[in-house]
């Protein structure tokens, strides 16, 4: 099987990021952003997606975490698009329901080549520790936009903001794992009647 790895570097006046992924990894997450809760969530994507993620990120977190979180999302999206290649022989679609105690989320992924985030999650507080919950959406907006992914994310129930966020990240990892998996019956075919994605 061809290596499905990608390395993305992004340096701006606000952030300096290097992100490497392996779609056929074991779920290892190394490095981080210095934003504790966000790193915990990225680890969920890696572990549940069985994607190895190596990340080095420095940002203007003395202002807030927004630029760092958004730019890591952009880098992850670009890396996913590069690593999956022309998409021949992959499943293309993925979905997952993930519970965590009282919380339950559903995520559906289409590696469509058409970016779009459809996000429906109401958090019960504004912050998890020092992390602004509005940044959950910003992160996935970056992933969907840069990765040309159609992404539907719904929090179906939940009271605890940490649990709600965690189910979204875990479900994304699980849905992505399904979408990038090889489809044995497709025998290298393009998963679209258009002939390309």
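Among 72-78, 34-40, how do they line up from the highest to the lowest mean number of other beta-carbon atoms within 10 Å? The partial results should precede the final answer.
Working: 72-78: 24.0, 34-40: 17.9.
Descending packing order for the listed peptides: 72-78, 34-40.
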Sticking with the crude label model, points 7 Å out along Cα→Cβ, report the distance from residue 102 to residue 86 in nm, one decimal please. 5.1 nm
C-alpha center-to-center spacing [the range 1-76, the range 104-183] in angstrom: 15 Å
Evaluated at q = 0.17, 0.21 Å⁻¹: base-10 log I(q)/I(0), Debye formula over Cα of the range 53-197: -0.95, -1.28
Between residue 9 and residue 156, what is the spin-label point distance in nm, taking each point 7 Å from the Cα along the Cα→C-beta axis? 4.4 nm
Relative contact order of the range 5-180, defined on C-alpha pairs under 8 angstrom at six or more residues apart (%): 28 percent
Which parts of the range 1-45 would a label at residue 56 reach, counting a residue when its backbone N lies under 13 Å from a point 7 Å out along Cα-to-Cβ? 8-11, 16-20, 31-33
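Where a number appears in this text, it was derived from the coordinates with a stated rule and is not lab data. Everything numeric here is computed off the predicted structure, so don't read it as measured data. FYI the Cβ positions are ideal-geometry reconstructions off the backbone, even for glycines, and counts take in every protein chain you see.
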